[in-house]
Amino acid sequence: MSVLDSRLAPVLDDLRERSLYRVRRSVDGAHGVQMRVDGRDCINFCSNDYLGLASDPRLAAAAMRALDRSGTGSSGSALISGYNTEHRALEEELAAFLGRPRVLLFSSGWAANVGVLKALLGRGDVVIADELNHASLIDGARASGADYQRVAHADVDGYRAALQRAALDGRFAMLVADGVFSMDGDVADLPALRQLTHQTGAALMIDDAHGLGVLGATGRGSAEHFGIEPDVLMATMGKSLGCAGGLVAGSETLIEYLVQRARTWVFSTAPPPAIAAAAREALRIIRSEPELRGRLLANIDRFVRGARDRGLPISERAVATPIQPVIVHEDARALRLSRELMERGYWVAAIRPPTVPRGTARLRITLSAAHDAAQIDGLLDALAQSLTVLDQVNP
Ligand SMILES: *Cc1c(COP(=O)(O)O)cnc(C)c1O
């Protein structure tokens, strides 16, 4: 074994022993609700494709038209040769949709969060972060060199105390939180966060990866749901938009600053124009077909009611979001439950540390507008049966 491999192999062995080893399953064909996974058919209940747009033929057609015109690659970063009229049009349409002056596209949501936090914060500044924030927010904030203050989940008093300390010290502070927490499905108290940041002269950044297209009267996300405006609104096009790529919305000054300073944007190849074309089509559908979101909300409601009727241990925190975790605590139990469901034809991946805190392993069930009532009821029955089987084997 090479020097490197002999350093790595024991770590892998340890992960296997602790039920924390991860493997991929490969999907053959489209990533919709009915899938073929590792050679077997199943119903998918663990994607982030909340509106069913990832396999919508209209998006594929829009991408193919753009592929014909523009080819595959963008050939460079946006500042050199990579910026296409498809990118420009998508930025303008997203800005109009979100009601903000400007939008900037990144190659992923991960790149957006890391690029923004490193550009906006530095030594001497304070970043105040919810403990359940997405990994990309944690990495970006830590890499910025700012003083990282982690606050207990949804602890408004904790945010207030940290913001007041920063204000007293005369330091620039930014409060950063997910709009919809990705593994728990609960919604941040944005009115309280906005009020606290205004009172203490701090900035507010919201990661709305799971709110965009889902929450708010017209799908503009958690900011629309609460009627507030964060200073920095970040989201991804890889979830409800069914495409790929990150976006940041904000003031003219913010976006121009990022164009000069966000290193993950400046030094990275612009996304393929065809992906921007597909995202434009997704946005057009979201705006013109509100019934899609209506179907999603009806499906969430059916799932939550059905779970309560069957006495299933769904989380109390998640109410009207498509993320519905079943927290089973032990990592091995989460894996076994996921396998039992797969046996019954339902795909729900087990989520274990470090994606979630230790002792909170779970099945993260996600609903989509593309599910039908029979699929949801089938999942609920399979979940009840699987939990019974697990309790018999290991009460
Ligand atoms: C998925 C996700 C991201 C990362 O976005 P990608 O486009 O997948 O890189 C960032 N924040 C949250 C909350 C997410 O769920």
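Along the stretch 87-94, what does the Karplus equation 6.51 cos²θ - 1.76 cosθ + 1.60 (θ = phi - 60°) give for ³J(HN,Hα), rounded to whole Hz, x for Gly and Pro?
Running phi through 6.51 cos²θ - 1.76 cosθ + 1.60 with θ = phi - 60° gives 4, 4, 5, 5, 4, 5, 5, 5 Hz.
Need one number: % antiparallel among DSSP beta bridges in the chain, to the nearest 5.
The answer is about 55 percent antiparallel.
Find, among the GluC sites (Glu not before Pro) in the stretch 314-383, those assigned to loop by DSSP (not H, G, I, E, B) with at most 10 other beta-carbon atoms within 10 angstrom.
Sparse-neighbourhood loop GluC sites (Glu not before Pro): Glu316.
Using θ = phi - 60° and the Karplus relation 6.51 cos²θ - 1.76 cosθ + 1.60, list the HN-Hα couplings for the stretch 160-177 in order, rounded to whole Hz, with x at every Gly or Pro.
My calculation for the stretch 160-177 gives 4, 4, 5, 5, 5, 4, 4, 5, 4, 6, x, 9, 6, 10, 10, 8, 10, 8 Hz in order.
With a 1.4 Å probe and all protein chains kept in place, how do Val3, Val33 rank by accessible area, largest first?
Val3, Val33
Which one of Thr85, His225, Pro57 is farthest out on the positive end of the charge dipole of the stretch 57-288, using unit charges on Cβ (Lys, Arg +1; Asp, Glu -1) and the Cα centre as origin?
The listed residue farthest towards the positive side: Thr85.
Where both partners of a DSSP beta bridge lie in the stretch 161-293, what percent of those bridges are antiparallel, to the nearest 5?
40
Contour minus end-to-end for Val23 and Tyr148, with contour as 0.36 nm per residue of separation and end-to-end as the Cα-Cα distance?
Stretched out fully, the Val23 to Tyr148 stretch lengthens by 41.8 nm.
What whole-number volume per residue, in cubic angstrom, does the convex hull of the C-alpha atoms of the stretch 181-306 give?
Looking at the stretch 181-306, the number lands at 132 Å³ per residue.
When DSSP beta bridges are limited to those with both residues in the stretch 57-288, what percentage is antiparallel, rounded to the nearest 5?
40
What three numbers, in Å, describe the spread of the alpha carbons of the chain along their principal axes, ordered from the longest?
Ordered largest first, the chain gives principal extents of 59, 55, 54 Å.
To check my understanding: the extent here is largest minus smallest coordinate of the Cα atoms along each principal axis. What are those three numbers for the stretch 57-288, in Å, largest first?
Over the stretch 57-288, Cα extents along the principal axes are 57, 37, 28 Å.
In a Debye calculation with equal point scatterers on the alpha-carbon sites of the stretch 79-171 and no solvent, what is log10 I(q)/I(0) at q = 0.10, 0.11, 0.25 Å⁻¹?
-0.37, -0.44, -1.18
Which far-off residues, 5 or more places away or on another chain, put their amide H under 5 Å from the one on Asp125, with H placed in the peptide plane?
Distant-sequence amide H within range of Asp125: Asp147.
Quickly work out the Glu256-to-Arg36 label distance, labels modelled 7 Å from Cα along the C-beta direction, and quote it in nm with one decimal.
Simple spin-label model gives 5.4 nm for this pair.
Between Rg and the Kirkwood Rh of the stretch 244-395, both from Cα atoms, what is the Rg to Rh ratio?
With Rg and the Kirkwood Rh in hand, the quotient comes to 1.09.
Before anything else, pin down the relative contact order of the chain: Cα pairs under 8 Å, at least 6 apart, normalised by residue count, whole percent.
21
Simple spin-label model, 7 Å along Cα-to-Cβ: Thr388 to Arg310 in nm?
About 1.0 nm, to one decimal.
Once both labels are modelled 7 Å past Cα along the beta-carbon direction, what's the Asp189-Asp155 spacing in nm?
It works out to 1.3 nm between the two label points.
Restricting to DSSP H runs of at least four residues, report the calculated mean residue ellipticity at 222 nm for the chain, -39500 (n - 2.57) per run over all residues, nearest 500 deg cm²/dmol.
-14000 deg cm²/dmol
Name the trypsin sites (Lys or Arg not before Pro) in the stretch 1-74 that are in a loop by DSSP and that have at most 10 other C-beta atoms within 10 Å, would you?
Passing sites in the stretch 1-74 are Arg22, Arg24.
The values are calculated or read from the model by the stated rules, or taken from the named source; none is laboratory data. The structure presented is a predicted model; accordingly, all values stated were derived computationally and were not measured. Because the Cβ atoms are built from the backbone with ideal geometry, glycine has one as well, and the counts that use them run over all protein chains shown. Surface accessibility is based on the protein's heavy atoms, side chains included, excluding ligands, DNA and RNA. Shrake-Rupley method; radii C 1.70, N 1.55, O 1.52, S 1.80 Å.
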